[in-house]
Amino acid sequence: MDREFNVDRKIIHCDCDCFYAAVEMRDNPALRGIPLAVGGRADQRGVVATCNYEARAFGVHSAMSTARALALCPDLVVVSGSMEKYREVSARIMAIYADYTRVIEPLSLDEAYLDVTGTERCQGSATRMAEEIRRRVFDEVGIRVSAGVAPNKFLAKIASDWNKPDGLFVLRPEQVEAFVQALTVKKLHGVGAKTAEKLEHMGVHNCADLREQGAAVLISRFGRFGQRLWELAWGQDDRPVRTSRERKSVSVEHTYSQDLPDLEACLEQLPSLLESLAGRYGRLSRPADIAGAVVKLKFHDFSQTTVEQATRVQAALAPDIVLYERLVREAFGRGCRPVRLLGVGYRLNEHSDSAQPDQLALF
Ligand code: DCP
Ligand code: MG
């Protein structure tokens, strides 16, 4: 039993290269080899959902306004996307993954973890499985997938990004230690620009530096996240690949660098939060019915409150701003103090696959 427990897992993380753009280039040869973005129109305050690598060379990236993207790259071709098509392509790719394991955790349309620990295909070699998967997805679906192979999810995800695009990176258990020590903290999940800067000030650049700080210091500086940092610094991540990832909610939250002083300031932040929420909802790997609207609010003293209201929305064209304003008012009224974090979300129906994806006006 103990031996079983200690067995190294074999996790593959697969992530398609510039997914929406790749689908568009696959279907229209005229779009290949030129800078291409999928997104909304500049004259409608649209944003870039993604762009191909030719466009990235100009500094264009996801979530940038299309107007800004065109300023950086005047020859950029912008096409509106089709979520329906991307869902269909995604399903075909996931079906290939299913030939290798039943333990698949999709994270979005173009990204999934596979636990192939017990798989006998390819003589049990996860590296060969990843190679075969990459080849098959290209031959059978026409899309390039980058893959990472490692003993846990955290490392597999970093690995798939390592040689992107069209790359494979394998981290064998015996290579993990050296790799993690040299790994820059910027690659750690949850370490954004702000945390990276804080760590930089502490003289921490890579995971070896993190270890030197010790768990106590990290926890005192970063709270619960410090504990997580400590684990990551040692390359540890025991999270299982969760198969039936029935999502119960989808949400977006933001911690403000300066507290929002009053209710008005909170309400002002709503439109941009709701826009992100709509984007995130649209990218769920499976369509899901919305059962409720949720607002979370953390006051400057870290006390926190959540308000939820059931709604019967089937598929959201856009989040109902009036409803969210009411929820924010109610949440704020419980504390009437400056606010450091504001979050908005949907509660999802657990057993639903009936939402009409094409009703989602993402672009
Ligand atoms: N997406 C989006 N808005 C964002 C980020 C992503 O609509 N802010 C969509 C478009 C992407 C898809 O999700 O094609 C997958 O997201 P990824 O982050 O995996 O980005 P790409 O697959 O486009 O590029 P990469 O090659 O970096 O994986
Ligand atoms: Mg991708």
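For Leu348, the amide hydrogen comes within under 5 Å of the amide hydrogens of Ser249, Val250, Ala291, counting only partners 5 or more places away or on other chains and with H modelled in the peptide plane. Plugging the Kirkwood radius over Cα pairs into Stokes-Einstein for segment 122-201, at a temperature of 20 °C and a viscosity of 1.002 mPa s, what D comes out in µm²/s? Rounded, D is 154 µm²/s. Using every Cα-Cα pair within segment 194-323, state what percent have a distance larger than 20 Å. Percent of Cα pairs beyond 20 Å in segment 194-323: 62.
Protection proxy ranking of 170-180, 79-89, by the mean of other Cβ atoms within 10 Å over each peptide's residues and highest first, is 79-89, 170-180. Our coupling estimate for segment 291-298, obtained by passing each phi through the Karplus curve with A = 6.51, B = -1.76, C = 1.60 and θ = phi - 60°, is 10, x, 10, 10, 10, 10, 9, 10 Hz, Gly and Pro reported as x.
Listed from fewest to most Cβ neighbours within 10 Å, the set Arg340, Arg224 follows the order Arg224, Arg340. Amide H contacts of Leu107 (H built 1.01 Å from N, in plane; Pro and chain starts excluded): Ala112, Tyr113 sit under 5 Å, all sequence-distant by 5 or more or on other chains. For segment 169-249, the Kirkwood estimate of the hydrodynamic radius, built from every pair of different alpha carbons, is 13.7 Å.
Would you mind working out the magnitude of the charge dipole of the chain relative to its Cα centre, with +1 at each Lys and Arg C-beta and -1 at each Asp and Glu C-beta, to the nearest 20 Debye?
280 debye
Segment 274-311 and segment 25-62 have Cα centres spaced 29 Å apart. Our analysis of the chain gives Rg over Rh at 0.97, with the two radii drawn from alpha carbon positions and Rh computed by the Kirkwood formula. Spatially, segment 148-162 and segment 71-103 are offset by 21 Å when compared through their Cα centroids.
Distances longer than 12 Å among the Cα atoms of segment 56-111: what percent of all pairs is that?
Working: 1138 of 1540 pairs.
Distances greater than 12 Å cover 74 percent of the Cα pairs.
Segment Ser108..Glu84, full-extension length gain: 7.2 nm, with 0.36 nm per residue of separation and the alpha-carbon distance subtracted. Close amide H pairs (under 5 Å, H built 1.01 Å from N) link Val47 with Gly40, Thr66, residues at least 5 positions away or on another chain. If you run the Gaussian network model on the chain, springs between alpha carbon atoms under 10 Å, then out of Arg221, Arg134, Arg242 the most flexible one is Arg221. R0 = 22 Å: FRET efficiency of His254 with His61, Cβ-based, nearest 0.05? After rounding to 0.05, the efficiency reads 0.70.
Under the convention that each Lys and Arg Cβ holds +1 and each Asp and Glu Cβ holds -1, the size of the dipole of segment 209-276 around its Cα centre is about 520 debye.
Between Trp234 and His189, the simple label model (points 7 Å from Cα in the Cβ direction) yields a spacing of 1.8 nm.
Bear in mind that the values in this text are calculations on the coordinates, not laboratory data. Quick caveat: nothing in here was measured; it's all calculated off a predicted structure. We place every Cβ from the backbone using ideal geometry, glycine too, and count neighbours over all the protein chains shown.
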